[in-house]
Ligand code: NDP
């Protein structure tokens, strides 16, 4: 029987994961089927269990179930434990393994695809939701000179500062947006959902250092409002989150199949589409 995988979420119709994993499978001679699973908001666990009972081998987990997936997994990777959120489930014989590949995806896109070192750089992360939480430990592991988190609800940023205090690296500093005035950063990552609503996080002017990278986790056609604003503010390079999406998928594929797919042709094909 063919090995079955899927992305589970609500909503899930917009997900590009089936397209990405089908291309990975094709390019790597892996015989898998990958679909979409729409779970009722109050029926995540039941939907996962049914999929597993029917022979499903693994799932990607998207909004709003990443924290529930963390609770459902019986064994966690270190990075999933750090994030307390899971975007990849693998069903082994008597273990449900939970991993989080979002941070690896972001780091690989910035460091390897865009060719920008994170080590020694001043990094500003906007947002304190699930996406931000997932990328903090992998960013810290790269050895930035500082990692500042700004969020509208400052208490959520402070909570992350406390949570990641034991991790190696410079630690996390939390900040309100207006308190960033006068600071400069080399890499600014937008992990808020503001772009989804066509809005901008309330950053003060002048936070982009010369030659800095502005990175928006959101992706789509054309520049997001954040990237457009960043260009006007002097950011040297802008990138949206399509590369992160494909890289996190490649890492999930590796977790399931033990094969690390190449991502360049998939990126080119999705960008062209
Ligand atoms: P959450 O709902 O968990 O968090 C949303 C965050 O955005 C909160 O910090 C919230 O601040 C902040 N926010 C929302 N609107 C605004 C605004 N107008 N101004 C300032 N801050 C705002 O969402 P996620 O963390 O799960 O996702 C965030 C984004 O990352 C989404 O756009 C998602 O699509 C993208 N993403 C992309 C991935 C990729 O592979 N490219 C992977 C994962 C996520 P507050 O706490 O103050 O409300």
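Largest GNM mean-square fluctuation among 14, 163, 76, using the chain with Cα springs under 10 Å: 14.
Separation of the range 70-91 from the range 224-260 is 22 Å, based on Cα centroids.
Tell me, what is the FRET efficiency for residue 259 and residue 54 to the nearest 0.05, using R0 = 30 angstrom and their Cβ-Cβ distance as r? According to the calculation, E is roughly 0.80. Highest mean first, the peptides 235-246, 45-56, 189-200 sorted by other C-beta atoms within 10 Å per residue fall in the order 235-246, 189-200, 45-56.
Directionally averaged projected area (the range 29-148, Cα convex hull): 8.9 nm². Looking only at the range 7-21, which residues have a backbone nitrogen under 20 Å from a spot 7 Å from the Cα of residue 269 in the C-beta direction? Zone members listed by number: 7, 14-21.
Full extension of the segment from residue 152 to residue 119, taken as 0.36 nm per residue of separation minus the current Cα-Cα distance, would add 9.2 nm.
When the Cα convex hull of the range 103-240 is projected onto planes of every orientation, the mean area is 7.2 nm². Efficiency by 1/(1 + (r/R0)^6): what FRET value for residue 233 and residue 68, r their Cβ-Cβ distance, R0 = 35 Å, to the nearest 0.05? Efficiency, rounded to the nearest 0.05: 0.40. Against the empirical 2.2 N^0.38 Å (N residues), the range 160-273 has a Cα radius of gyration ratio of 1.23. Given contacts defined as C-alpha pairs under 8 Å and at least six residues apart, what's the relative contact order of the range 103-240, whole-number percent? Rounded, it is 20 percent for the range 103-240. Normalised by 2.2 N^0.38 Å, where N is the number of residues, the alpha-carbon radius of gyration of the chain equals 0.99.
Computed from the coordinates by the stated procedures, all read-outs in this text should not be read as laboratory data. Quick caveat, the model's predicted, so the values are computed rather than measured. No Cβ is skipped: glycine too gets one built from the backbone with ideal geometry, and neighbour counts run over all protein chains shown.
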